[in-house]
Every structure is written in C-alpha cells, then in structure tokens.
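**Q** For reference, the structure I am asking about is given below.
The values are calculated or read from the model by the stated rules, or taken from the named source; none is laboratory data. Remember, it's a predicted structure, so these values are computed and weren't measured experimentally. Every residue, glycine as well, gets a Cβ built from its backbone with ideal geometry; the counts of neighbours run over all protein chains shown. The area values use the complete protein model at the heavy-atom level, side chains included, leaving out ligands, DNA and RNA. Shrake-Rupley method; radii C 1.70, N 1.55, O 1.52, S 1.80 Å.
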Amino acid sequence: MNYQTITTVDEKTKETKPKKDKKVFNQKPTSAFIGASWSALFIGIISYCIGLWNVNMELNEKGYYFTILLFGLFSVISVQKSVRDKLENIPVTDIYYSISWFTTIASIVLLIIGLWNADLLLSEKGFYGMAFTLSMFAAIAVQKNTRDVQYIDRNIEEGK
C-alpha cells in the first residue's frame, strides 16, 4: 500500500513533524474471495427458499418469510452503500443513512419475532436464522467487493 506523507510545522515549537495523511487503497479483492462471496450469497438465498418451499405452512406465512429475506437483503446493501459513500466523501443524507440502519434492524427483528411465534421445530428455526444470516453477510461482502473493484478501476482510469 502507498502512504502519502506530509510535513507539518508545529507553530508552538517550530518543529517539523512528519504526519501520515491518507492511506491509498490499491488492492482489488481476489477472485477467490469474490467467488466465495457470490457463492455464499446464492447458497444462503437458495437454501432459505428451498426450506420455505418444503415447509408445511400456509402460503401467506411463506410469503412473510420470503419478503423478510428480500427486505433484509435490500436493507444491508443500502447500509453498506451508505457507509461506503460516506467513506469516499460521496454525499449521503442523514435520513437515508438512518432509514437504511432502521430497516436492517427491523428485518432482523421481524424474522426473530416470526420464528419465535412459528410452529416449527427448533432445528428448523435455527436453519432459517442461519440461512438468513449467511445471506445478509454475503450480500454485504458482494456489495463491498463490487465497490472495491469499481473504486480501484476508477482510480486507475483517472491516473492514466
């Protein structure tokens, strides 16, 4: 990694001190990590959906759990995008940032409430919780990888 160093002068002592200014990020995620992230995302989503397809519950209950999955995926991607935009000094309104966090927490709480009250075996509840968690984490990783590659490609283009 490249580190840019600047020199500052302390006004009180008139001494020159080197100061690290900013870290320049220049390493793309490996293709193995990108592949693992996408695989985890698909495994989590497909497992969750297969579980919903095979479970003995009403169609409206299945719809609830499927909607929670979609809601959660969108929410965590919004949070990751907002955090990354702020990091890259891209303007993000506080209301959008707050709503992104609120909806992420709401999707998790709604899944917990739904599973707590569901007539499912404890192992089935655990399965849905783990598939949901895997999907959420993988969605964040995929979004991060996408932004990392995009950021580095953009900086390489600007440097030419």
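**Q** Could you look at region 88-139 and say what percent of its accessible area is carbon and sulfur, using a 1.4 Å probe and all protein chains?
**A** It is 76 percent, rounded to a whole number.
**Q** Write down the radius of gyration of region 38-123 and its Dmax, each obtained from C-alpha positions, in Å.
**A** Answer for region 38-123, Rg first and Dmax second: 15.5, 49 Å.
**Q** If packing is taken as the average count of other Cβ atoms within 10 Å, what order do 142-150, 32-40 fall into, highest mean first?
**A** Sorting 142-150, 32-40 by mean packing, highest first, produces 142-150, 32-40.
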